[in-house]
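Notes for the one structure printed next.
The values are calculated or read from the model by the stated rules, or taken from the named source; none is laboratory data. Only a predicted model underlies this, so the values are computations on that prediction, with no experimental measurement involved. Note: ideal-geometry Cβ built from the backbone for every residue, glycine included; neighbour counts use all protein chains shown. For the accessible areas, the whole protein counts, side chains as well, though only heavy atoms, and no ligand, DNA or RNA atoms are used. Shrake-Rupley method; radii C 1.70, N 1.55, O 1.52, S 1.80 Å.
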Amino acid sequence: METAVGPPARDVPSRRPLVAILTQGGPNPEIVVNALKTRFPDLVVIVEQPESKALFVRRRARKLGWLQALGQLATMIVSKFGKRFTAARAAEILRDYDADATVDPAVRRLSVGSANDPEFAALVRDLKPAVLMAVSCRMLKTETLAAMPCPVLNLHAGINPQYRGLQGGYWSRVMDDEENFGATVHLVDAGVDTGGVLYQTRVKPSPRDTMHTYPLLQTAAATAIVVSAVKDAVEGRLAPRPVDGPSRQWYHPAIWTWFRHGFSRGIW
């Protein structure tokens, strides 16, 4: 009796893991996009619209008072004029870390008004990514996080928990704590950079670095840990690790603080 022999069985290809990045755009997020796209070819970038400066100031005033809020806004406005003096240093950072901040038109991009709008949650549910990486975007509300079908990670330009919030590199220098100048990849929870730490990297800033180049340096130096964290998420083996140090949230420096440390210590 002969046994019928059919064609050899084929392995059905599994769906490649989709990685999503949430951002408001800019050179620093594009460094992350370009670092991930070759390893995760199904990468998709979700771009949200930035919030208005008026909304930013009102929210900050409710928390810190109008004087501090307006002083921080003044720093953000005045400091923009210094960008023309840091172009050479920015180019040097990109060369040193082999980082690419250009926008790749081949990468799939989708737009939403705000990551806290229902349309964003619906979009992520439809995409079914293995992980969502947040880079340079607004904080996600508790209800938004609860609607996410996957782990949410964040690349933070600071060492947590000592330098949560904004301008972690600047404040580590002001506090004479350059040993903690670096970046953190962490899980996102309802707090401000309070989620479990996955990876950290530390880097020494140049005397030529300023508030314009600190985040670029931190991001460029962190591409390896971003790739590692995303790979862990895709493979289902995220492992937050305990970290030591005091926990503090920081904000933009008010204009008088920025000038004081700039003129007296050269920390801009």
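Of everything listed in (1) surrounded by fewer than 21 Cβ atoms within 10 Å (Cβ to Cβ); (2) in contact (Cβ under 8 Å) with a residue 60 or more places away in the chain, the single unmet condition for E235 is (2). Sub-8 Å Cβ pairs linking a first residue in the range 94-117 that is farther than 14 Å from P27 by Cα to a second residue that is of a type in the set (A, V, I, L, M, F, W, C) and assigned to a loop (DSSP other than H, G, I, E, B), at least 6 apart or interchain, are V107/L43; R108/L43; A115/C137; A115/L140; N116/L140, ordered by first then second residue. In the range 190-235, what count of residues is obtained for those that are over 22 Å from L22 (Cα atoms) and hydrophobic (A, V, I, L, M, F, W, C)? Counting residues in the range 190-235 that are over 22 Å from L22 (Cα atoms) and hydrophobic (A, V, I, L, M, F, W, C) gives 2. Among the conditions (1) open to solvent by less than 100 Å² (accessible area, probe 1.4 Å); (2) of a type outside the set (F, W, Y); (3) at pLDDT below 95; (4) over 26 Å from M211 (Cβ atoms), V107 misses just one, which is (3). If you go through the range 80-102 and pick out every residue that is in contact with a helix residue (DSSP H, G or I) (Cβ under 7 Å, 6 or more places away or on another chain) and crowded, with 16+ Cβ neighbours inside 10 Å, you end up with 7.
Residue count for the range 168-191 satisfying the condition of being within 14 Å of the chain's Cα centre (by Cα), open to solvent by less than 30 Å² (accessible area, probe 1.4 Å) and hydrophobic (A, V, I, L, M, F, W, C): 2.
One line per residue, one yes/no per condition, for (1) touching a Leu at 6+ places or on another chain (Cβ under 6 Å); (2) assigned to a loop (DSSP other than H, G, I, E, B); (3) modelled with pLDDT under 95:
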{"position": "R10", "(1), (2), (3)": "no, yes, yes"}
{"position": "R16", "(1), (2), (3)": "no, yes, yes"}
{"position": "A61", "(1), (2), (3)": "no, no, no"}
{"position": "R84", "(1), (2), (3)": "no, no, yes"}
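Just one of the numbered conditions (1) in contact with a helix residue (DSSP H, G or I) (Cβ under 8 Å, 6 or more places away or on another chain); (2) modelled with pLDDT under 50; (3) not aromatic (F, W, Y) is not true of L36: (2). Select from the range 55-66 the residues that are more than 23 Å from the chain's Cα centre (by Cα) and aliphatic (A, V, I, L, M) and write down the one among them that is most open to solvent (accessible area, probe 1.4 Å). For the range 55-66, the residue satisfying everything is L64.
Taking the criterion of being assigned to a loop (DSSP other than H, G, I, E, B) and touching a helix residue (DSSP H, G or I) at 6+ places or on another chain (Cβ under 8 Å), the residues of the range 195-223 that qualify are V203, K204, P205, S206, R208, D209, T210, M211, H212, T213. Restricting attention to the range 86-105, the residues that are of a type outside the set (F, W, Y) and part of a loop (DSSP other than H, G, I, E, B) total 9.
Take the residues in the range 238-254 that are more than 18 Å from D189 (Cα to Cα) and loosely packed, with under 11 Cβ neighbours inside 10 Å; name whichever of them is modelled with the highest pLDDT. It comes out as P246.
For the range 136-166, a residue qualifies if it is touching a Gly at 6+ places or on another chain (Cβ under 9 Å), open to solvent by less than 40 Å² (accessible area, probe 1.4 Å) and not charged (D, E, K, R), and the qualifying residues are V152, L153, N154, H156, A157, G158, I159, N160, P161, Q162, Y163, G165. The numbered conditions (1) part of a loop (DSSP other than H, G, I, E, B); (2) touching a residue at least 40 places away in the same chain (Cβ under 8 Å); (3) over 12 Å from I159 (Cα atoms) are all true for V226 except (1).
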